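The next block holds one structure in the form of structure tokens; read it before the comments.
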Amino acid sequence: MAPIMIAPLLIGASAGLAAGAVMTFLSHIAPQFGAGNFIRDMDRPVFFSRELSRREAHYIGILMHLAFALLAGLLFAFALDRHWVPAFAFLPIVGWSFILFLVIGLILLPLEGHGFFGSKHDAWFPVDLLLTCLGWGGLFYLFMQLWIPR
């Protein structure tokens, strides 16, 4: 096997983190434009057997979202480096965004108590989740385009 190239992994991780940061920023300004908060508050948040304040839970949530975005970008770059993905193009990133949609909807949301694909909230939650994942993929594609050496 060929050695792992560090630069593409750093570019992928950086692009994933930047896309996640933009999506997080947009989620914070959306209520100012009438979007509202469509996720109900669940039980009191607990982290490692310690009850958290709403502010602490909010900051931990932001950090977890950014860490997931960084990891998603890193894994896509790793797949490119290993040639599991044929080339850096828009369609593989759309496919990767759909895989993230499935991972979030089938694993992460149920673990957080939101049900499969956020079914405990409303019928449109899966659509919102898919559009969010595709939005992250589009931003990831744009950032990768900026930072990939030619």
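The values are calculated or read from the model by the stated rules, or taken from the named source; none is laboratory data. Model, not experiment: these values are computed from the prediction. Here the Cβ is made from the backbone with ideal geometry for all residues, glycine too, and neighbour counts use every protein chain on show. The protein model used for the area step is the full one, side chains on, heavy atoms only, and it has no ligands, DNA or RNA in it. Shrake-Rupley method; radii C 1.70, N 1.55, O 1.52, S 1.80 Å.
For this structure, a couple of remarks:
- Here the sum of -39500 (n - 2.57) over DSSP H runs of 4 or more residues, divided by the residues of the chain, equals -21000 deg cm²/dmol at 222 nm, to the nearest 500.
- Protein heavy-atom surface of the chain, 1.4 angstrom probe: 73% of the accessible area is carbon and sulfur, with nucleic acids and ligands not counted.
- Total charge dipole magnitude, the chain, about the Cα centre, Cβ charges on Lys, Arg, Asp, Glu only, Debye to nearest 20: 180 debye
- The residues of the chain expose on average 65 square angstrom of accessible surface per residue, using a 1.4 Å probe on protein heavy atoms.
- Take 22-33, 133-144 and order them by the average number of nearby Cβ atoms within 10 Å per residue, most first; the result is 133-144, 22-33.
- Per-peptide average of other Cβ atoms within 10 Å, ordering 49-60, 69-80, 111-122 highest first: 69-80, 111-122, 49-60
- Scanning the chain for long hydrophobic helices, with DSSP H runs required to stretch 24 angstrom or more by C-alpha along their axis and to average at least 1.0 on the Kyte-Doolittle scale, returns 6-29, 54-81, 125-147.
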